[in-house]
Each structure stands twice: as structure tokens, then as C-alpha cells.
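See below for the structure under consideration.
The values are calculated or read from the model by the stated rules, or taken from the named source; none is laboratory data. As the structure is a computational prediction, the values presented were derived from the model and not from experiment. Positions of Cβ are backbone-derived with ideal geometry, glycine not excepted, and every protein chain shown enters the neighbour counts.
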Ligand SMILES: Nc1ncnc2c1ncn2[C@@H]1O[C@H](COP(=O)(O)OP(=O)(O)OP(=O)(O)O)[C@@H](O)[C@H]1O
Ligand SMILES: [Mg+2]
């Protein structure tokens, strides 16, 4: 009895030591950011790694008001919320159509969507930029919302299609017999049934949109989103690290909050993606 | 209350013909059962009647009105699916009231209708549960409840009992029959279980490979099948088919035994091979001519026993039903043919009358 128990414990240790190191490497940057955000510049230069001695929220105030982070924050929230809503709406409709309806070239359309999943953003940046300019969407929030929707839609549509295709077809048949028209089937049956997948997509897309720098930098050049603002705080020769740290904490806070709220669902959502992908 | 008619209805999926021309008339209030082997197109035909599957050609009429191109709902049919297809995110009451809600009926009114239906189906205590919290039999009742609140012209059932255990199946079978007696609606019921077909149907439609083989009352199909397929499909255990040769216009021979079939209206071709169909219960204890058979296998079911053995010089396998007996393997019994109940089929498997 005792021998296998001993061996079990050794295996446990062998696994947990690397795991702890891994966890540390994730936790440390967070500690570093929060710690330094609370120092002033002098404090930082004198002692980069030590624990803050007289913490102040000066940097947060500066970032929020003088570095226009209030505006950036508002931009990020609007654009992320708008894009995520559009993504959920369009992908659940498209997924419903692709999974349930029988129309010509259905397979081809799905194939094209799958193929566009493989194209990295960087490859299409130039034509994408030209399109944005031609549509006069440059420097508009709606332009950025549409851009995010376009870039993240293939994956969302793919996930919704896979999810809806796995639901029993007879549910849709039953709704049609009960008198539901096309959009009513979607609204009363597909949308509520799709909740788990939609929640996953909502979280994933929020992360993508919120953390994006590249697309935002192209589309929203006069104004900025939060991540672009943070990136811009890095000077060429010197960087105000405490201010940057405060900005990073501000930028990460909503996502961390979201994570805490939906913690369990996110793990389940990653599993959904793993199985379907 | 509705009559239903199909006129040369066909369906192909791409190049595959699944329904190959079905003509059918179903009377008001009739309980019709579609039976046939797996893949013969029963579900497809039912779904076409429901409007869930497009018709390739032909017409479907309800109450003398062509509904071929109408949406399921406009046909005023209700359907009960094999998988129940209850909406998992709605309570039982919401499931049953969904159609009414889409029609714009007010909430208190809906509740009243649902409660009445629940009363009939004895599911009142379940109304506020979700489908996941119900047993298979309860789900089936809810699915039926969802159909009856609509007061449809025609009820369609696609193998509604096949997911239930044997005991529950018998119980639900009786309840559906009772429901039909109460509602007196036109009902079409799909099954591949011939016992269900025999016990529930006013009329049975036997399908094979997208074609109707025979339509008739259960006893008609049992006593007077049009072809070997129907004869073999209806009845359990299956009808015995013995190959015989015609020795006269109304006489055949089997293993040296001459059998007279005076009921035949047409002359047989002397020397031609035919198949003689005799049901297991018509092979024992009769007055007719006989052969001896050694028992190979015994299935003792209580009062009746089915014994398997081989008959005649060609050792043709047969099943015989014995009543109030305890036969033993290896025993020899006398097989007597009740020829008044026997049927004869030609090489094309069609009935010779
Ligand atoms: N959407 C479809 N596309 C192509 N072929 C189909 C489709 N639906 C059904 N079929 C084919 O049509 C035939 C009849 O199918 P159907 O489901 O009507 O059979 P069934 O009699 O209900 O069988 P079962 O007793 O197994 O339910 C089968 O050969 C099936 O493969
Ligand atoms: Mg079927």
C-alpha cells in the first residue's frame, strides 16, 4: 500500500515543479506591472525589481487623464462591443444557414470560409487597407468594427456551423411543423440552443478585438484604441516604465475581470474549440 | 378531421429514387400505418406529407385541396418524431404551447389549452420541468401533447415508440390507440414493427423500395396477401414458403404428397414450380394430408411453442406452431396442411389466386 503511494507522490512532485515554474512565469509579469505602476520614475530607476516602498496611484491618474487613456478606453470598449455583437449575430445566422438549410453551393461556400481561416491577417493588409480607404471608413469606429467582424468571422462561422450541425435536425423540423418561419426558427430555437458556442465565441472575440494592435493601427489612425495607446507609450530611446505599467494594468483589468466572471466557461469553451477544431 | 390523398408522389435525392410513385387515399379519421423494412422510404414519405421534404413530382392533397407546395404549418398537420425533438431550453408547458405562442394566442389561454392536453396525457405534474428531467416515456407523452394542443387535421408519427423499452412500448401503443379513439383524427403512423402495425392500424400500407406493395386492413393483409413480400412481412413468426411443383390445374406436389387447392380460380401450369405459403399455425392438428418432421429446435413460449424442422426430401425448413404441448428436440411429429388457408405464389413472387 505504502510503496505505490510513495511513487505516486514522486510523480506528483515531478509534475508539479515544472508546472509551478510555468505558473510563475505567467504570474511574474503581472506582478512586475502592478508593482512598477505604483512607483514613480525615480523609484523605478533606483530599484527596478524591488517591492514598491511608497505606493501611489499617480501613474494611473496621469495615464487616464493626461495621456488620453479615457478616450482610448472608450474607443476600445465601443469597438470591441460592436464587433463582438456583430460577430455573434452574423455567425449564428450563417452557421444556422450552413448547417441546416439546403441551398446550392453550400459546400463550396463553407469551403471558402474554411480556406479563409488559413490566411493570416498580414498577407491581406495592403488590399484590406485599400478597401477601407475606398469605402471611406478610415478613421471611423464603424470601420474598425467592420474590420474586426470581417477578420474574425470565418472562425466564428466555422464554429457555429460545426455546433449547429451537431444538433438534431428534427428540432428544426419540429419548429417548422409548429409554424416557425425561418427567422423564428433561428430566434426561438437556434439562438438559445447555441448559447454555449456563442458564449465561447463572445469571450474569444472579445479577447482578440481588445488585444488587437495591428488592425486598429491601420484603421483608426487619428484616434486610438487602448492597445495602440499602450504600444505608443514605448518611446524610441526612453520609456516611462511606471506609466507604461499603469497603462498595461488599465488595459488588462477588463479582460481579467471578464476572465474571473466566466472562468469556468472559458475552459469549457477552449475544450469546445479543441474538439471541433 | 381530414382526408388525405397522394397522387403518383415521387422523390429523388439527386440521382437516387427513393419514392417511386405512390398513390394512396386515406379516409377521414382513419388510423393508417406505414410499414416496411428499413430504408424503404417510410420516413421520407411521411416527411413529404408533413411538408418537410420537397416532392419531386406528384401531388399531395388534404381535404381535396392541393398542399404540395405549402409549408408544414399551413397544412395543419402535427408530427411526433422518433427522437421526440423537444426543445431542450423550454419547459414542458412551453414546449407544448410553442405553436400556439407563434400563432399569437395569449398566455392565459395557452396555459388553459396546455393544461387540458396535459390532463388527457397525465403529465400535469411535469409541466414546469425541462425535457432533460423526464424519462423516455414522459418525453414521448410531451411530444404527443405538443401535437394535440394544435388540434391538427392530421397526426403524423414517425416510429414514436422505437426508443422505449418493450413494456413501455406496449403501454404507449394502447394509449395512442385510445387517443385515436377519443380524438377521432386522421393519423398516420410509421413503424417497422409489424406487431405495432397489426395491433394499431385500421389500414396498413406495406412499402418496399419506395413502392406500395399492398394496402388493406390488418386481417386482409394477413389472410389474403397479394405477394410473397407482404405474406412474409406480416405475421410473426414468418409464413413458411415451400417450393412445390404443379401436378394438375389445382394440384401441387410436395415431397411426394399431392395437395389439392380447390380455392384457386386460375389453372396452374403443370410442371411449373410455385411457392406454397402456409403460416405456422396452419401446419398442425388439422384434418389435411400430412408429412412427418423431426424437431430440430423448440421455442417454448408458454401456451404456444414454435418448433423448427425440415420437411420432405428437399429438407425445406419450416416453423410450426403447437398449442398446449411440450415438444422435445429430436421428437418426430406429423405435419398436416390446412390447405384452405394456404396461399400460392408464382416465380415472380406474385399471388396465384
Ligand atoms: N437527405 C437524403 N439524401 C439522400 N438519401 C436519403 C436522404 N434521406 C433519406 N435517404 C435515403 O432514402 C431511403 C429511404 O430513407 P427513409 O429514411 O425514408 O427510410 P425508412 O423507411 O424510414 O427507414 P427506417 O425504418 O430505417 O427509418 C434510404 O435509402 C436513405 O438512404
Ligand atoms: Mg425512418
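Brief remarks on what is shown
- Screening residue A:216 on (1) within 14 Å of another protein chain (Cβ to nearest Cβ); (2) surrounded by 17 or more Cβ atoms within 10 Å (Cβ to Cβ) shows it passes everything except condition (1).
- Screening segment A:140-224 for helices (runs of 4 or more DSSP H) wholly inside it with 3 or more residues that are closer than 16 Å to residue B:86 by Cα returns the ranges A:169-177.
- Complete set of residues in segment B:38-57 that are touching a helix residue (DSSP H, G or I) at 6+ places or on another chain (Cβ under 9 Å) and either within 13 Å of ligand 2 (Cβ to nearest atom) or part of a strand (DSSP E or B) (or both): B:47, B:50, B:52, B:53
- Within segment B:10-27, considering residues that are away from ligand 1 (no atom under 13 Å from the Cβ) and within 23 Å of residue B:69 (Cβ to Cβ), the one surrounded by the most Cβ atoms within 10 Å (Cβ to Cβ): B:26
- Within segment B:119-145, the set of residues being over 23 Å from residue B:170 (Cβ atoms) and either crowded, with 16+ Cβ neighbours inside 10 Å or not assigned by TED's automatic domain parsing to the domain that holds residue B:177 (or both) comprises B:127, B:130, B:131.
- In segment B:74-97, of all residues being over 21 Å from residue B:25 (Cα atoms) and part of a helix (DSSP H, G or I), the one that is nearest to ligand 2 (Cβ to nearest atom) corresponds to B:95.
- Counting only residues that are away from chain A (no Cβ under 14 Å) and more than 6 Å from ligand 1 (Cβ to nearest atom), segment B:38-47 holds 1 of them.
- The residues in segment B:88-114 that are more than 14 Å from every other protein chain (Cβ to nearest Cβ) and surrounded by fewer than 14 Cβ atoms within 10 Å (Cβ to Cβ) can be counted, and the count is 5.
- Restricting B:50, B:85 to residues that are under 20 Å from residue B:210 (Cβ atoms), within 16 Å of ligand 1 (Cβ to nearest atom) and within 9 Å of chain A (Cβ to nearest Cβ) narrows the list to B:50.
- Residue within segment A:163-178 that is at pLDDT 90 or above, under 21 Å from the mean Cα position of the chain (by Cα) and away from every other protein chain (no Cβ under 11 Å) present: yes
- Selection status of residue B:144, in contact with a strand residue (DSSP E or B) (Cβ under 8 Å, 6 or more places away or on another chain), within 16 Å of ligand 2 (Cβ to nearest atom) and modelled with pLDDT of 90 or more: no
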